[in-house]
Amino acid sequence: MVERREVLGETTLVVDPARIVEACVHLRDEEGFNFLSDITPVDYLGWGESEVAGYYGTSLGRGLGPQSAQGFARTPDPKPARFALNYHLLSIPGAQVVRVQVWLEDGQSVQSVVEVWPTADWHEREAFDMMGIVFDGHPNLTRILMEDDWEGHPLRKDYPIGGEPVRFSGDE
Amino acid sequence: MAVTEPRRIYSGSRIPSPVPTLLQVATDVEDPEDILQVNFGPNHPSTHGVLRLVVDLSGERVVGLRAVIGYLHTGFEKNMEQKTWWKAITYPERIDYVSFQNNELVFVLAIEKLLELEVPPKATWMRMLLCELNRIHSHLVFLGTSALELGAISMFWYCFRERDLVLDLSELATGMRMHTRYFQAGGLAEDIPRGFEAECRKFVEWMPKALDDYEAILSRNEIWLERTRGIGLLSADDAIALGQSGPVLRASGVDWDLRRDRPYLAYPALDFNVPVYPNGDVYDRYLVRMDEMRESVRIVEQCLDGMPEGPWTADDRKVVLPPRHELHTSMESLIHHFKIVTEGYRVPEGEVYVTVESARGEMGCFVVSDGGPRPWRVKFRAPSFVALEATATTMTNALVADMIAIVGSLDSVMGEVDR
């Protein structure tokens, strides 16, 4: 484990990508997090390049006088890598939640957790399809929402909106 | 009669290996000559939208199965990144067009958590009321369509009759029958209209009788019992391993409901039961949903009784639109109105994951904000998406006719699966 954060009542555990399976097995067997809710990839390309003006709160956080006070412009905190993978875990019946986070550079792969939680199968396929994150050891890492021959990964920040090539046009 | 026979759930795990969501033909047992591969969907009335199941059949038995999704992928999450927070609220409802109110709620709760915004109690209680009405709506659609697929067409008409009552209430309160955009960061979009309470009480009185009628039609109906009991088995351990939630999980004997176990809104102030059934078959999923509708009616009644007085939205001019009449007299209000509508409000930097118990299970929303007027990333944890992961496990040893009952009992909405 690299870091532990508590923000807004949510616990985030930042984990070294090479040891994700080890961390997940520990959380499942020792801490009782038997339920994987979700795997969410986030692309931070271009994060913090422009200053966010009229920030709601202060540069040190919130609480600038009364509720809804307008604070200063600031740049969001830099992120350690381009992609974050967030594993949301839940313990039944303990009712605890935790977020496990790993940071990946473009092209860096991570070990699959299908062996730990079978439900990770489709979540990882979706992360691969939408963000292009490769999961080593996944038994069936194919596209799930887009077509098999789709080019690019639509939820990446550098993927354009609109303007996709028209299929079945006169040229074909 | 079959009713008295005890049902037994399998022991051990039935999740296929190595791919948990893919039932592969056991070539050592099955003769490849006997196997017929059939495409079930994507355009088949019993697949609840555009689900495609590629099935390997040996006679009438399902020996291989692969679920193919994505036919309804419209890029909601990408679209929401382009909209201001304020305008993005309309999207989650359209993701799951049957359980729309709960989806709207989860996104609004995520925004409010990032804003650390206090919501007045009246708004909280009205949200609970509408979410429970919406749960009834969703389960009615489940019941009507599932029964229709198994041949009971009259159920469809009865369920849609009551569904219309719910939609009428929704229209009365919010102006829209579906996709209401009635919840927004800070509270509600409008005050609860006069006359809503009276109409809602009529519904609360009527609905238990309608539920009795449904049970009279189905619960002791030999055909319904034969088609649903012992079909589509899913054990408690498998259900948790496959991430199942909501009625599917509770029908497998896991006593888990986010409304009670990880409370949000004002659910701790209410008195309701969480129905749990142990057998993990289609029939128990039906029973769970029937009982949940009864509980939801009770919750609606309690919400009506306990509805607090007071404002319906937070008095926070940076986030909530000012009252319309002030625009003619107050320069400040005009500026705030203009800023919110054009530029949108800003949400502090951060990331949150919020879950609610939607009609289908754990509806999660993960939101990242960079402090700007638009979400950096929105991701929905769709219970329908996860429910379809269980198709391979539940359809082990199924007959082709049972597939329809099983898909119906998982109650997936394809809009939510594909997003």
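The values are calculated or read from the model by the stated rules, or taken from the named source; none is laboratory data. The structure presented is a predicted model; accordingly, all values stated were derived computationally and were not measured. Positions of Cβ are generated from backbone atoms using ideal geometry, with glycine treated the same way; all protein chains shown enter the neighbour counts.
Here is how the numbers come out for the structure above:
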{"quantity": "Some residue of the range B:197-215 being small (Gly, Ala, Ser) and under 30 Å from B:Gly344 (Cα atoms)", "calculated": "no"}
{"quantity": "From A:Pro139, A:Pro118, residue being in a loop (DSSP other than H, G, I, E, B), on the phi < 0 side of the Ramachandran plot and surrounded by fewer than 21 Cβ atoms within 10 Å (Cβ to Cβ)", "calculated": "A:Pro139"}
{"quantity": "Out of B:Glu132, B:Glu222, B:Glu199, sole residue that is crowded, with 23+ Cβ neighbours inside 10 Å and not β-branched (Val, Ile, Thr)", "calculated": "B:Glu132"}
{"quantity": "Any hit, the range B:230-242, residues being part of a helix (DSSP H, G or I), closer than 20 Å to B:Cys159 by Cβ and among the β-branched types (Val, Ile, Thr)", "calculated": "no"}
{"quantity": "Candidate set from the range B:308-317 (those that are in a loop (DSSP other than H, G, I, E, B) and at negative phi); member that is nearest to the other protein chains (Cβ to nearest Cβ)", "calculated": "B:Asp316"}
{"quantity": "Residue count for the range B:225-240, restricted to those that are within 12 Å of chain A (Cβ to nearest Cβ) and surrounded by fewer than 24 Cβ atoms within 10 Å (Cβ to Cβ)", "calculated": "4"}
{"quantity": "Matching residues in the range B:257-295 - criterion: being assigned to a loop (DSSP other than H, G, I, E, B), in contact with a strand residue (DSSP E or B) (Cβ under 9 Å, 6 or more places away or on another chain) and within 14 Å of chain A (Cβ to nearest Cβ)", "calculated": "B:Asp257, B:Arg262, B:Tyr264"}
{"quantity": "Those helices (runs of 4 or more DSSP H) lying entirely in the range B:53-117 with at least 3 residues within 14 Å of chain A (Cβ to nearest Cβ)", "calculated": "B:76-82, B:100-115"}
{"quantity": "Close pairs from the range B:193-210: first outside any loop (DSSP other than H, G, I, E, B), partner of a type in the set (Lys, Arg), Cβ under 7 Å, at least 6 apart", "calculated": "B:Pro208/B:Arg294"}
{"quantity": "Single unsatisfied condition, B:Leu249 versus (1) within 14 Å of chain A (Cβ to nearest Cβ); (2) surrounded by fewer than 22 Cβ atoms within 10 Å (Cβ to Cβ)", "calculated": "(2)"}
{"quantity": "Residues that are farther than 25 Å from B:Arg94 by Cβ, surrounded by 24 or more Cβ atoms within 10 Å (Cβ to Cβ), more than 11 Å from every other protein chain (Cβ to nearest Cβ) and of a type in the set (S, T, N, Q), drawn from the range B:372-418", "calculated": "B:Thr394"}
{"quantity": "Boolean, B:Glu301 is of a type in the set (D, E, K, R) and assigned to a helix (DSSP H, G or I)", "calculated": "yes"}
{"quantity": "A:Val113 vs. criteria in a strand (DSSP E or B), in contact (Cβ under 8 Å) with a residue 60 or more places away in the chain, closer than 26 Å to B:Asp261 by Cβ and more than 9 Å from chain B (Cβ to nearest Cβ)", "calculated": "no"}
{"quantity": "Residue match in the range B:127-136 (condition: under 20 Å from B:Pro311 (Cα atoms), of a type outside the set (A, V, I, L, M), within 19 Å of the chain's Cα centre (by Cα) and part of a helix (DSSP H, G or I))", "calculated": "yes"}
{"quantity": "A:Leu141 free of Cβ contacts under 8 Å to residues at least 60 places away in the same chain and more than 9 Å from every other protein chain (Cβ to nearest Cβ)", "calculated": "yes"}
{"quantity": "Any hit, the range B:159-166, residues being crowded, with 17+ Cβ neighbours inside 10 Å, outside any strand (DSSP E or B), on the phi < 0 side of the Ramachandran plot and touching a strand residue (DSSP E or B) at 6+ places or on another chain (Cβ under 9 Å)", "calculated": "no"}
{"quantity": "Condition met for B:Glu171 (assigned to a helix (DSSP H, G or I), at pLDDT 90 or above, under 30 Å from B:Trp85 (Cβ atoms) and in contact with a helix residue (DSSP H, G or I) (Cβ under 8 Å, 6 or more places away or on another chain))", "calculated": "no"}
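Results for (1) over 30 Å from B:Leu233 (Cβ atoms); (2) surrounded by 18 or more Cβ atoms within 10 Å (Cβ to Cβ); (3) among the hydrophobic types (A, V, I, L, M, F, W, C); (4) touching a Cys at 6+ places or on another chain (Cβ under 8 Å), shown as yes or no for each residue.
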| position | (1), (2), (3), (4) |
| --- | --- |
| B:Arg289 | no, yes, no, no |
| B:Glu301 | yes, yes, no, no |
| B:Pro311 | yes, no, no, no |
| B:Pro323 | yes, no, no, no |
| B:Ser330 | yes, no, no, no |
| B:Leu334 | yes, no, yes, no |
